[in-house]
Structures are given as C-alpha cells and as structure tokens.
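The values are calculated or read from the model by the stated rules, or taken from the named source; none is laboratory data. Predicted model, so just to flag it, every value in this text is computed and none were measured. Cβ coordinates were reconstructed from backbone atoms using ideal geometry, including for glycine residues, and neighbour counts include every protein chain displayed. Note: accessible area is taken over every heavy atom of the protein model, side chains too, but ligands, DNA and RNA are not part of it. Shrake-Rupley method; radii C 1.70, N 1.55, O 1.52, S 1.80 Å.
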Amino acid sequence: MDKLCKTARGLDVFFRVLFWLAAALGAAVLIGCVAVLAGAGLNGGENFQWLVALDVNGTAYSMADAAADGLPGVFVALSVLFVLSLAFGLWVLHVIRQLLRPMKEGRPFESAVSQSLRRLGWLAIAYGVLEAVVTAVAQLVLTQALDMAGAVVDVGYDLTWLLLAVLLFLFSYIFRYGEALQRQADETL
C-alpha cells in the first residue's frame, strides 16, 4: 500500500507541474496571438507574411489574393481552436489529479476513483469528437485561405480514442466492484 501511495504522490506532482506548464504556455501563446492581431490591425495584415506559402507533401500553395485580407480572421479562428484544445487538455489533467487524490491517501477503492475513470472515459469520447471538429474546421479555414487549386484534401480520422474510452469505462466498472467488495469487507469487521 505504501508503494501505491508513493507512486500516486509522484504522479500527482508530475501532473500538477504539467498542468501549470501547459497553462503558462497557453497563456504565452494567447498573449502572442493577441499581440499579432493588434499589430495586424496597425499595419494592414503585413504581420501575416509568414503565411504567404504553404508546402504540403511537396506541393507548394500560395496565398490567394482574395483571401489575403481575410488572414486575421483565419488567425483568429485557429487561435480559438487552440484555446479550446488547451482548455480541454487542462480539464483532462485536472480530472487525472482528482483520480490520484484518494490513491495518495491509500484509498484506491473510493467512489471518487471510479467516477473519475468514468469521467475520463467520457472525456476520451469528447476528445475524439473535438479532434474531428478541429481538424475539419482547420482544413476548411486553410483551404479557403490558400489557393489550393487541384489539391486533394485527405481527411482521415483515428478511432483509438474509442478504444481508450471503452477501456476507461471497463476500469471504472472494475473499481466500482472493488468499492463494493471493500464496503463488504469493512462491514464484516
């Protein structure tokens, strides 16, 4: 039991540091996005010259003249997608820390563990949906912004998140059964 507590404490420290590093990195990127957008408003989109050309699988695409004025909008759309993805990742790290809290105290079969595992299962499903939406929106925005005549946009989705969700739900049921066994053992004493 001591080994479980020690491991849970170490993992909790790791995920706490990862949470705050991700939050700080996200804040820095968000501040950078706001600064770029503020600068773009001052000099008419000249800050977006780094987006003039894109090389995809050896094929070069250049900025469409009609879309050059819409670059701040594309940048805003991609920034919003980044912020949503970051918020989702921070939420997942928070739930993982909630999962570890009872384990740090030597109570692995507390109801909070199975609830956190179930919540992580639902978050895995939400991740799959979020990934599909973010990918589709990002490709739509970039396709409209870039002159991609003759380009084939390949949209492929990975369904490993569904397997992860099933495993997390299974572990949730196993820990819920462990709670019942723990309760019965406590009642017999």
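Numbers below:
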{"item": "Sole exception among (1) more than 30 Å from A165 (Cβ to Cβ); (2) at pLDDT 60 or above; (3) out of contact with any helix residue (DSSP H, G or I) (no Cβ under 8 Å at 6 or more places or on another chain) for C33, by number", "result": "(3)"}
{"item": "Restricting the stretch 156-170 to residues that are of a type in the set (A, V, I, L, M), open to solvent by 70 Å² or more (accessible area, probe 1.4 Å) and under 18 Å from V129 (Cα atoms), the residue that is modelled with the lowest pLDDT", "result": "L159"}
{"item": "From S111, S62, residue being surrounded by fewer than 17 Cβ atoms within 10 Å (Cβ to Cβ) and either closer than 26 Å to V129 by Cα or at pLDDT 60 or above (or both)", "result": "S111"}
{"item": "Residue match in the stretch 65-86 (condition: loosely packed, with under 13 Cβ neighbours inside 10 Å, under 25 Å from T135 (Cα atoms) and at pLDDT 90 or above)", "result": "no"}
{"item": "Selection count where residues are outside any helix (DSSP H, G or I) and among the small types (G, A, S), scope the stretch 155-189", "result": "1"}
{"item": "Among (1) within 16 Å of A132 (Cβ to Cβ); (2) open to solvent by less than 100 Å² (accessible area, probe 1.4 Å); (3) at pLDDT below 85 - the single one M148 does not satisfy", "result": "(1)"}
